[in-house]
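Presented below is the structure to which this report refers.
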Amino acid sequence: MNEDILKNHGLHSEYDGSTPLIYSQPVRSFSKRVLHGEDEDVDLVPDTNMRIWYNNQFGNYSQHKHNVLEICIPIENEYKYIANGKSYVINPGDILFMPPGMLHEIECQNEGCRFIYLFAIDFIKDLYEFSFLTDFFSEPRVINEAAFTQVYGKIYSAFMSINDQYFMYTNMVLEMPIYAKLLEIFSLLASINPQFAPIRTEDDKTKSKYEKFRSLINHINSHYMEEITLEWAADFAGFSKYHFSRLFKDYTDVTFADYLMHRRMQAARILLSDTSSTVTEIAFQTGFNNLTSFTRSFRNATGMTPSEYRQTQQANKASRAALPSELPSQGSEASPEGSSDASSEISHSIPRRISDPDFPEAKALTHPESHPIPHSVFTTGSDFDFEDEY
């Protein structure tokens, strides 16, 4: 049990299983779980795109999926998610992100408490920076201080600020400040991408070389659909192609060809999911000059052909669209908030407040192994030899 985390939330170790008054649901309480096979109806707060609750039940939740992002932060005792045959045991303070549309189940055999967040994020996906989170949201992710040293404290604090805002009133949920914090969290996660990292150099010459490489990365990200050869990229950066190949690998931890292919595959997945363009059209839109090369590259990157990937995405969307739009207001299943609902005891005109926990200053960044392009890009330049070799 983490006593410090419990104290930060005004809780104590001998809790009685009821929902603390400060975490009573605004507007109305959660009704019940409704499953259609493996598809779960999401009981969001009426007229909003979210639901957050303080959960202190123990028991298992069978395999299910839904079209919203699920986030879980344990406060007392561990919580276990299972997805894609892999178990994710999260401890107090850990932050688990479960992507929309992913089948998962929950095992919880011990008493404890946790915050569970559900957010609709489809309208956020059109933002430019969200493209850098495509790989992050390809599978469940656990954010903790060990793996995300620099940004963890800021992300955790942002979630606690979201709690403050969500549980502030008993008769409304103000979405703008909450989604502003969620966007801040997404921005912090996207900042792990090397393109967002600051340039730290020891002299003007080294800085100039780093700026050329970052300018090249920007160009690749924006012009991946055009013909970009190793010779052209080397000339752009001002090196011979052999020296450029070595420096690019030092700079990004991947080869030039791998980086370009990663960006093209990222774009291809988005186009296959969100457009009606033919596979052949998408092949040319992502920089390939024939369908065979595109199909082979896409299968190597995803394990599926482009058509199989599109069919899978369309099937997921169709199953979500077929779900009923309204839920019954009453049900026999237990609420995730516990058996006590104290919201009626609070005046509708008085906001509730919860204190934000304190966090230490962020330490040096340790890049998570899950990201395809490691964070060694834009680290200090002292280890690299930028002498021109022609």
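Odds and ends about this structure:
- S18 vs. criteria surrounded by fewer than 16 Cβ atoms within 10 Å (Cβ to Cβ), in contact (Cβ under 8 Å) with a residue 24 or more places away in the chain, out of contact with any Pro (no Cβ under 9 Å at 6 or more places or on another chain) and of a type in the set (G, A, S): yes
- Some residue of the range 68-77 being in a loop (DSSP other than H, G, I, E, B) and of a type in the set (A, V, I, L, M): yes
- Scanning the range 143-161 for residues that are within 26 Å of P46 (Cβ to Cβ) and more than 16 Å from the chain's Cα centre (by Cα) yields M160, S161.
- Counted residues, the range 71-93 - those being of a type in the set (D, E) and surrounded by 21 or more Cβ atoms within 10 Å (Cβ to Cβ): 1
- Taken as a whole, the condition of being of a type in the set (G, A, S) and outside any loop (DSSP other than H, G, I, E, B) does not apply to S277.
- Here N290 meets the list (1) over 23 Å from F132 (Cα atoms); (2) at pLDDT below 85; (3) polar (S, T, N, Q) almost entirely, failing just condition (2).
- Residues that are free of Cβ contacts under 8 Å to residues at least 24 places away in the same chain, under 14 Å from P140 (Cα atoms) and of a type in the set (S, T, Y), drawn from the range 76-130: S87
- Within the range 163-190, residues that are in contact (Cβ under 8 Å) with a residue 12 or more places away in the chain and under 12 Å from I121 (Cβ atoms) have Cβ atoms under 6 Å from residues that are small (G, A, S) and surrounded by 18 or more Cβ atoms within 10 Å (Cβ to Cβ) in these pairs: I185/A158, counting only partners at least 6 apart in sequence or on another chain.
- Selection count where residues are crowded, with 20+ Cβ neighbours inside 10 Å and hydrophobic (A, V, I, L, M, F, W, C), scope the range 161-172: 2
Listed here are the residues, each with its yes/no results for (1) of a type in the set (V, I, T); (2) closer than 18 Å to L216 by Cα; (3) at pLDDT below 90; (4) within 26 Å of the chain's Cα centre (by Cα).
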| site | (1), (2), (3), (4) |
| --- | --- |
| E231 | no, yes, no, no |
| G238 | no, yes, yes, no |
| I282 | yes, no, no, yes |
| A315 | no, no, yes, yes |
| A318 | no, no, yes, yes |
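- Flag for D135 being under 27 Å from P46 (Cβ atoms) and either surrounded by fewer than 20 Cβ atoms within 10 Å (Cβ to Cβ) or of a type in the set (S, T, Y) (or both): no
- Test: residue in the range 142-151 that is under 20 Å from V68 (Cα atoms) and buried (at least 18 other Cβ atoms within 10 Å of the Cβ): yes
- Scanning the range 288-304 for residues that are over 22 Å from K125 (Cβ atoms) and part of a loop (DSSP other than H, G, I, E, B) yields F288, N289, N290, G303.
- A single member of S62, S87 is touching a Lys or Arg at 6+ places or on another chain (Cβ under 8 Å), in a strand (DSSP E or B) and not basic (K, R), and it is S87.
- When D253 is tested against (1) at negative phi; (2) under 26 Å from the mean Cα position of the chain (by Cα); (3) buried (at least 16 other Cβ atoms within 10 Å of the Cβ), just one condition goes unmet, and that condition is (1).
The values are calculated or read from the model by the stated rules, or taken from the named source; none is laboratory data. Remember, predicted model here, so these are calculated numbers, not experimental data. Glycine gets a Cβ as well: all are built from the backbone with ideal geometry, and neighbour counts include every protein chain shown.
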